[in-house]
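Chemist: Got a structure here, written out as structure tokens. Questions coming.
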Amino acid sequence: MAYTISDFRRDIRQPYAWPGGYPMFFLTSDGEALSFAAAKSQRRNVLEAIAGGYSDGWRVVGVDVNWEDADLTCAHTGEAIESAYA
């Protein structure tokens, strides 16, 4: 099942998993991590990429929890993405 614009609009509202409050991040089609702040600031690029099925680095294909990766950074900003346990 493909990740849709509706999925992105739902997920962008909740940067923490529920239940548990674990920090989440977006996964892009090229395997990179994208922070919620970057996804919000680049919302237009993300929505266009999802709608067009582009593999330009902006197409979000899902969300995940950063459980233990203390070195995970956003591909757009280079800023650290919070982890749950690291």
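The values are calculated or read from the model by the stated rules, or taken from the named source; none is laboratory data. Everything numeric here is computed off the predicted structure, so don't read it as measured data. With ideal geometry, Cβ positions are generated from the backbone for all residues, glycine too; neighbour counts draw on all protein chains shown.
Chemist: Looking only at region 37-71, which residues are out of contact with any Leu (no Cβ under 6 Å at 6 or more places or on another chain) and of a type in the set (V, I, T)?
Modeler: If the condition is that a residue be out of contact with any Leu (no Cβ under 6 Å at 6 or more places or on another chain) and of a type in the set (V, I, T), then V46, I50, V60, V63, V65 are the ones that fit.
Chemist: Next question, about the same structure. Take the residues of region 1-20 that are loosely packed, with under 11 Cβ neighbours inside 10 Å and over 12 Å from the mean Cα position of the chain (by Cα): which is modelled with the highest pLDDT? Show your work before the answer.
Modeler: We begin by selecting, within region 1-20, every residue loosely packed, with under 11 Cβ neighbours inside 10 Å; these are 1-2, 6, 13, 18-20.
Still in the running and over 12 Å from the mean Cα position of the chain (by Cα): 1-2, 6, 18-20.
Working: M1: 82, A2: 93, S6: 98, W18: 88, P19: 88, G20: 90.
Out of the qualifying residues, it is S6.
Residue by residue, here is whether (1) touching a residue at least 12 places away in the same chain (Cβ under 8 Å); (2) hydroxyl-bearing (S, T, Y); (3) touching a Ser or Thr at 6+ places or on another chain (Cβ under 9 Å); (4) on the phi < 0 side of the Ramachandran plot holds:
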| position | (1), (2), (3), (4) |
| --- | --- |
| D11 | yes, no, no, yes |
| S29 | yes, yes, yes, yes |
| K40 | yes, no, no, yes |
| E48 | no, no, no, yes |
| D56 | no, no, yes, yes |
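Chemist: Say we look at region 61-72 and pick out the residues that are out of contact with any helix residue (DSSP H, G or I) (no Cβ under 6 Å at 6 or more places or on another chain) and under 21 Å from R9 (Cα atoms); which of these is surrounded by the most Cβ atoms within 10 Å (Cβ to Cβ)?
Modeler: Step one: filter region 61-72 for residues out of contact with any helix residue (DSSP H, G or I) (no Cβ under 6 Å at 6 or more places or on another chain), giving 61-62, 64-72.
Then keep just the ones that are under 21 Å from R9 (Cα atoms); that gives 61-62, 64-66.
Numbers: V61: 17, G62: 15, D64: 12, V65: 14, N66: 20.
Going through the qualifying residues, I end up with N66.
Chemist: Does region 22-51 hold any residues that are exposed (fewer than 11 other Cβ atoms within 10 Å of the Cβ) and over 11 Å from V61 (Cα atoms), and which are they? I'd like the intermediate steps shown before the answer.
Modeler: Restricting attention to region 22-51, the residues satisfying the condition of being exposed (fewer than 11 other Cβ atoms within 10 Å of the Cβ) are 31, 44.
If the condition is that a residue be exposed (fewer than 11 other Cβ atoms within 10 Å of the Cβ) and over 11 Å from V61 (Cα atoms), then R44 is the only one that fits.
Chemist: Might you let me know whether region 63-86 holds any residue that is small (G, A, S) and closer than 15 Å to Y3 by Cα?
Modeler: Filtering region 63-86 down to residues small (G, A, S) leaves 70, 75, 78, 80, 83-84, 86.
Retained after the next criterion (residues that are closer than 15 Å to Y3 by Cα): none.
Scanning region 63-86 turns up no residue that is small (G, A, S) and closer than 15 Å to Y3 by Cα.
Chemist: Ok, one more. Being in contact with an Asp or Glu (Cβ under 8 Å, 6 or more places away or on another chain) and either surrounded by 15 or more Cβ atoms within 10 Å (Cβ to Cβ) or part of a strand (DSSP E or B) (or both): is that true of A75 here? I'd like the intermediate steps shown before the answer.
Modeler: Numbers: in contact with an Asp or Glu (Cβ under 8 Å, 6 or more places away or on another chain): yes; either surrounded by 15 or more Cβ atoms within 10 Å (Cβ to Cβ) or part of a strand (DSSP E or B) (or both): yes.
So A75 passes the test.
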